[in-house]
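Take a look at the structure below.
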Amino acid sequence: MSDHSHTLQHQVIDAIQEHTQLCITGGGSKAFYGRPSAGTPLSVTAHHGIINYEPTELILTARCGTGLSEIQDILADQGQMLPFEPPHFGSNATLGGAVACGLSGPRRPYTGAVRDYVLGIRCINGKGEILSFGGEVVKNVAGFDASRLMVGALGTLGVILDISLKILPHPRQEITLTYELAAENAINTVNQWAATALPLSASSHDGQQLYLRLSGTPSALKAARTHLGGEVLPDAERYWKDLREHQHVFFKHEEPLWRLSLPPATPPLPISGDCLYEWNGSQRWLRTALQANIIRETVARRGGHATLFRGGDREGTIFHPLTPAMKTINKNLKLAFDPHSIFNPGRLYSGL
Amino acid sequence: MEIELDPQPALNKAGLVTALLEHLPAHSVLHHDEELRPYECDGLSAYRQCPLVVCLPDSLNQIQAIMRLSHEWQIPLVARGAGTGLSGGALPLENGILLCLAKLKRILDIDPHNRTARVEPGVRNIAISEAVAHHGLYYAPDPSSQIACTIGGNVAENSGGVHCLKYGLTVHNILGLKVLTITGDVLEIGGQTLDSAGYDLLALMTGSEGLLGIIVEITVKLLPKPERVQVILAAFTRIEDAASAVGDIIGAGIIPAGLEFMDNAAIRAAEDYIHAGYPRDAAAILLCEIDGGKTEIEEHSRQIEKIFQNNHADEIKHAANESEQQRLWAGRKAAFPAVGRISPDYYCMDGTIPRHRLTEVLKQITAWSTEYQLPVANVFHAGDGNLHPLILYDANKPGELERVEEFGGKILELCVHVGGTITGEHGVGMEKLNQMCVQFGKHELSQFHLIKDAFDSDNLLNPGKAVPTLHRCAEFGAMHVHGGKMPFPNLERF
């Protein structure tokens, strides 16, 4: 448990002076995500430890190198959890990496994403300054929301040092129900249920079965179960963990893996490949060897965007191409934080 | 109140009006003094300034034309919705155009299956929930001005409301924005998906107080209406007990939909006005709303009652039916106007603090209230530590407003000192520029200016608001304190 802010700050200042670029690295569990980044590795794992945890305040502040598992264990001791159920993708996953990648798990459509729970961030910008945005309170509208801007920016705007999060109590009970349904029918059904006051907390469809997780008080789950029918899935915790961590059998193939983000009720897409649905249909995993432009056009026509999540041409365009106007603003923001372009060059988009 | 701007060349007002009239009908361009007067302030009426002209466009093309002129002529542009903001964010600039978006009030699309609505910025907050009610859906954020305030203004301010403890702020409840930049680009941010490619501009635009772009379309997330709602009132003899009950409820793993606090001054004012049935002698009351399924509510009600008892509540009242729930809420919702009845003027503060510092902060406010001889009524969102001390005063008494501002400034600085923030939901606007110098250091403020530059390098959109210049902070002399702890001995002055 130690504060390495100033060591890291000096490393950044040296890099600015020596005109070298930096590739920020944590545990390395999500090194596959995005484009490969140029630059000298800047390890942040030594900047580690929980700075403040106040269970009755529902607030936790920790350094970027703190292990996700470590944080989740401490929260679990108090009956609390990270509400966005982040994927780890490895035992070495850190909080900083989870926030920089901005990936959320099965609970996302019901309780929110990483960015929804980030209350404050302390970081080093590309001028070597240590900045502090937001704080440890839930409501805060002073200044631009620079903390949330850093979520999912893949370290291209600065080195995240400390993160303050809102946390939530863990539901008293969870059960998972399964239904034999074809994909189209499953999407319809789950979106109808999501429009009524049911205690849903996760959904998925693997091509044959719809899986529905419910969370809440035992009495609320009992009432919902009577209403929803279905079969109870044994060892459900394992199922959602495997899905979240891409250990599910669907992910054990060699073809490129795409993540599609779509309006949830969008019917199954007319493109070849195997598809696994999550988030009421809003997040879809597609295994296919199809050309990127076909996938991107099909998804964009339906108001979505596509990410080449794993495999394929990692040097190419990984995230959905931006419109010229969006590209300009993204570039301007990058330079506003990192004027010498030293942080994770090219990781998000080529030239960003 | 002086507004800091770079010196502007003398403006040809007649020429500007003529140019605007090429794109807008005559009734949409107000430029005579008597037409401008109603727009001289927003909900913070202590600050007043007539703009050069007011534009009331009713289409995207008209907005684009106004923005093009603003850019070409280098005339500042201040956006305004219903003008209910409480921090002077929509205060006009003497040499600027006031862009009033209230005419853009069409609900463009309701998609019950994807649970979204796409609306224009001038749509009133409550009109969205009304329009989707027959689908069993609603839009969750409910600022107390919701019958009047616009969704565009809500996004610009990242508005909250009594239910944001459970359902979040505006930033958690919108999915997409269409934004016009001052350089004439259209930014399509997000949509009906839960995320989008590139930086999270949706988060950055939310709460940006009209400094980065003009929001012309919003896609909001709709939620299913809860099956049931229960409201519980608890009265306490000691403020400490009420504060500790708040922590205990959250600590028990219950997230109420709303958890509101009123002190004795607020209770009396509300009770005299609304007759909600509040105990007039209580030092504090808590109003706790929980929602969910029938059995879940019964379970939580029992738990909460026990917590109130353990914290020495003198009286616990469960609303027996919907009309009683509404009566209990009516007192809280009318608390501001109720205070308005007992004092010629009041000044509403908006700091947020960590919940466990509640008692000490309230005690300090009481001590200052005595020192300044200005009564204070406290009514606020206890669940998320968002304070709204109302300082009672009389603007007609010479020097009283200045004392109020000094007192209010101290409260906000105290909020920062205990680890909180100067504004939870009302925004910085014109009002809290000095306190921004207390909350942030020069590097953060410089970074904010750079973000502004990334969108609006000519500083034309709502200039002088939300983020103070470093020069102003140097004059205010507050940058020696940052986050209540870090000294800044080598303050740059320029």
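The values are calculated or read from the model by the stated rules, or taken from the named source; none is laboratory data. All values derive from a computational prediction rather than experimental measurement. Cβ placement follows ideal geometry from the backbone for every residue including glycine, while neighbour counts extend to all protein chains displayed.
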Complete set of residues in the range B:266-298 that are within 14 Å of another protein chain (Cβ to nearest Cβ), surrounded by fewer than 20 Cβ atoms within 10 Å (Cβ to Cβ) and out of contact with any Lys or Arg (no Cβ under 6 Å at 6 or more places or on another chain): B:Thr295, B:Glu298
Odd one out for B:Ile254, checked against (1) closer than 26 Å to B:Glu227 by Cβ; (2) part of a helix (DSSP H, G or I): (2)
Test: residue in the range A:83-90 that is within 23 Å of B:Asn158 (Cα to Cα) and crowded, with 23+ Cβ neighbours inside 10 Å: yes
Selection count, the range B:137-153, where residues are in a loop (DSSP other than H, G, I, E, B) and of a type outside the set (A, V, I, L, M): 8
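Condition first: part of a helix (DSSP H, G or I) and crowded, with 16+ Cβ neighbours inside 10 Å. Can you find one or more residues in the range A:251-270 that meet it?
yes
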Within the range A:57-85, tally of residues that are within 24 Å of B:His356 (Cβ to Cβ), within 14 Å of chain B (Cβ to nearest Cβ) and in contact (Cβ under 8 Å) with a residue 40 or more places away in the chain: 11
So B:Ala79, is it of a type outside the set (Asp, Glu), closer than 30 Å to B:His388 by Cα and part of a loop (DSSP other than H, G, I, E, B): no
Members of the range B:269-294 found to be out of contact with any Leu (no Cβ under 8 Å at 6 or more places or on another chain) and touching a residue at least 60 places away in the same chain (Cβ under 8 Å), listed by number: B:Ala269, B:Ala270, B:Glu271, B:Asp272, B:Tyr273, B:Ile274, B:Ile290, B:Asp291, B:Gly292, B:Gly293, B:Lys294
Complete set of residues in the range A:289-305 that are over 9 Å from A:Trp258 (Cβ atoms) and more than 13 Å from chain B (Cβ to nearest Cβ): A:Ala289, A:Gln291, A:Asn293, A:Ile294, A:Glu297, A:Thr298
Residue in the range B:293-309 that is of a type outside the set (A, V, I, L, M) and either on the phi > 0 side of the Ramachandran plot or touching a Phe, Trp or Tyr at 6+ places or on another chain (Cβ under 8 Å) (or both) present: no
Conditions (1) surrounded by 20 or more Cβ atoms within 10 Å (Cβ to Cβ); (2) assigned to a loop (DSSP other than H, G, I, E, B); (3) away from chain B (no Cβ under 11 Å); (4) among the hydrophobic types (A, V, I, L, M, F, W, C); number of the one not met by A:Leu308: (2)
Complete set of residues in the range B:66-76 that are out of contact with any Asp or Glu (no Cβ under 8 Å at 6 or more places or on another chain) and assigned to a helix (DSSP H, G or I): B:Ile66, B:Met67, B:Arg68, B:Leu69, B:Ser70, B:Glu72, B:Trp73
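Residue-wise test of (1) crowded, with 18+ Cβ neighbours inside 10 Å; (2) in contact with a Pro (Cβ under 7 Å, 6 or more places away or on another chain).
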site: B:Leu21; (1), (2): no, no
site: B:Leu44; (1), (2): yes, no
site: B:Asp58; (1), (2): yes, no
site: B:Ala79; (1), (2): yes, no
site: B:Pro92; (1), (2): yes, yes
site: B:Gly96; (1), (2): yes, yes
site: B:His113; (1), (2): no, no
Within the range A:110-154, considering residues that are within 19 Å of A:His6 (Cβ to Cβ) and in a loop (DSSP other than H, G, I, E, B), the one nearest to the other protein chains (Cβ to nearest Cβ): A:Glu129
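Tell me, which strands (runs of 3 or more DSSP E) wholly within the range A:1-109 include 2 or more residues that are aliphatic (A, V, I, L, M)?
A:22-25, A:50-54, A:59-63
Residues are listed down the side, and each one gets a yes or a no for (1) assigned to a strand (DSSP E or B); (2) touching a residue at least 40 places away in the same chain (Cβ under 8 Å); (3) within 30 Å of A:Ala306 (Cβ to Cβ):
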{"residue": "A:Ser204", "(1), (2), (3)": "yes, yes, yes"}
{"residue": "A:Tyr211", "(1), (2), (3)": "yes, no, yes"}
{"residue": "A:Ala223", "(1), (2), (3)": "no, no, no"}
{"residue": "A:Thr226", "(1), (2), (3)": "no, no, no"}
{"residue": "A:Pro234", "(1), (2), (3)": "no, no, no"}
{"residue": "A:Tyr239", "(1), (2), (3)": "no, yes, yes"}
{"residue": "A:Leu243", "(1), (2), (3)": "no, yes, yes"}
Qualifying residue in the range A:252-273 (condition: over 21 Å from A:Ala292 (Cβ atoms) and more than 14 Å from chain B (Cβ to nearest Cβ)): yes
Among residues of the range B:185-232, those that are of a type in the set (D, E, K, R) and at the interface with chain A (Cβ under 8 Å from one of its Cβ atoms), counted: 6
Close pairs (6 angstrom Cβ cut-off, 6 or more residues apart or separate chains): more than 7 Å from every other protein chain (Cβ to nearest Cβ) in the range A:316-339, modelled with pLDDT under 95 and not in a helix (DSSP H, G or I) anywhere: A:Lys334/A:Leu352
